[in-house]
1. Give, in nm to one decimal, the length gained when the segment between T197 and A320 is fully stretched (0.36 nm per residue of separation minus the Cα-Cα distance).
2. Please report the spacing between the Cα centers of the range 292-333 and the range 148-194 in Å, no decimals.
3. Charges at C-beta only: +1 for Lys and Arg, -1 for Asp and Glu. How large is the resulting dipole of the chain about its Cα centre, in Debye rounded to 20?
4. Based only on Cα atoms, what mean projected area does the convex hull of the chain have, in nm²?
5. Using DSSP to call loops (not H, G, I, E or B), can you name the trypsin sites (Lys or Arg not before Pro) in the range 117-188 whose Cβ has at most 14 other Cβ atoms within 10 angstrom?
6. Where in the chain are the DSSP H helices whose C-alpha atoms run 27 Å or more along the long axis and whose mean Kyte hydropathy is at least 0.5?
7. Order these peptides, 193-206, 340-353, by their mean beta-carbon neighbour count within 10 angstrom, highest first.
8. Which of rounded, prolate, oblate describes the range 160-258, given a ≥ b ≥ c as roots of the alpha-carbon gyration tensor eigenvalues and a/c under 1.5 marking rounded, otherwise prolate only if a/b is larger than b/c?
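Just so it is clear, none of the values below were taken in a lab; they were calculated from the coordinates. Just so it is clear, the model here is predicted, and its values are computed rather than measured. We place every Cβ from the backbone using ideal geometry, glycine too, and count neighbours over all the protein chains shown.
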Amino acid sequence: MLLAFTVILVALIFTYTNGFHDTANAIATVVGTKVLTPRQAILLAAVTNLFGAFFGLAVAKTISSGLVEAQFITEGVLVCGLIAAIGWNLLTWYFGMPSSSSHALVGCLIGAALAYAVCANDQKPLVDQGGKPMSVWSAVKWTAVKDKKEKQLLPAPPEMVAALGDGIKTNGTHNFVMGTNKVQMVVFCGRAALVETVIKPKADKDGLFYKVVMPMITSPLLGFIGGFIFMVFLYFLLRNWRPSKVGRVFGRLQLCSSAYMGFGHGMNDATKCMGIITLALVAATTSGVFHDLPSWASFLITKEGSDPYALTLGDHLVAALPQSLQFGYMPSPVDVKSQGIPNWVVVLCALTMAAGTAAGGWRIIKTMGHRMVRLQPVHGFAAETTAATVLAVTGTLGMPVSTTHAISCSIMGVGCAKRFNALKLGVVERIVWAWILTIPVTAGASFCLVWLCMKLGIVHLAG
């Protein structure tokens, strides 16, 4: 039980240090343009991050099961990996470098899994479930391509709605048999939608290459190009506006773009440690560690799979609105085989990240909002809108993209649209080097820490 609580505590500490980096990036531009004070921006970031975390849990599922093989991850290995990620966050924060906490976590998971595989292979050669020899590199899911089952929501025929009976009063995913057909329907606030499964051959691409490496290359490019094009468009649109009017209008609009940026960040980054905490809770529950918990701590018990009638916190928020403001919103169908994230974990991680931002984000805010390029409200609006869109799209796809990369490159693109010499290339160069080094350095540090702890008997092999 102590080890499970240690994983949760260390994961929350990582989330807290993540606030130094990535949430600071999310509010840097609105502070740099002096539209909001740091305290006001932090409050805005805290609220919008919380809402974003409610609506986007795809990244949490990628971190928890899409990058490394579960058989090479134990609670002790997770603790070592998180400690290495925390160390990297603190180091880069101290020097004011907006490195990627997402990639730090990915690198540490990779290094930790490889170290466990090496130590396990030293004791007994690794074999797969079929008894065939395995390489230690098999600990990492490099690439995986398979057919994708995409579920679409269609208007439910009246006869199927009638077949639900009183089920129309229960929100969630309903499975039942109608005649000889198995039917799946989603019910929400008295409305029902039929779930249709479409098979897309080789469309489900998973693993480190597709979920991390490719987005790591494409998201900065999208941020830079998108920021440049959007800013050029705004220059053309506003060419006859007086500077005072531009500043006044976009000072107000930047409040919206900042909220959008915080929401996109919450969908992507605030969910990273939720998967790790949920993994620890499931492991502790299935191994019987939590069998003697007192009644007040029963919320810690987390079983594998998802409740088909469970709603996310975002769904609950929409359900509380009048139907006229729901705009036909329907939750996604629940896959009972997919691990659900407890609501209290969502809230705890989002609040912890906001606390980290309030405590130590100013160093990186100065780098992002002041040192890279001089920003006006219109530039901040363009950069935040571009970066938030990149984060929202990739968060929906379950890609743990770096908020740092998205907003930094958007600022660069906006700065280049202003004029190419507006960028301070010395600062940009230091940031780029931090990006390049993050995954290799954190993977190496995590590997060494796990290997040392296993050799000293601090961390043990499973079973």
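1. 41.4 nm
2. Taking the Cα centre of each part, the range 292-333 and the range 148-194 sit 18 Å apart.
3. On the way: 34 positive and 20 negative charges, 370 e Å.
For this selection, approximately 1780 debye.
4. Details: hull surface 101.1 nm².
About 25.3 nm², averaged over all directions.
5. Answer in residue order: no site qualifies.
6. 75-94, 101-123, 214-237, 377-396, 425-455
7. Highest-to-lowest ranking by the protection proxy: 340-353, 193-206.
8. Working: a/c = 4.18, a/b = 1.88, b/c = 2.23.
Here the range 160-258 falls in the oblate category.
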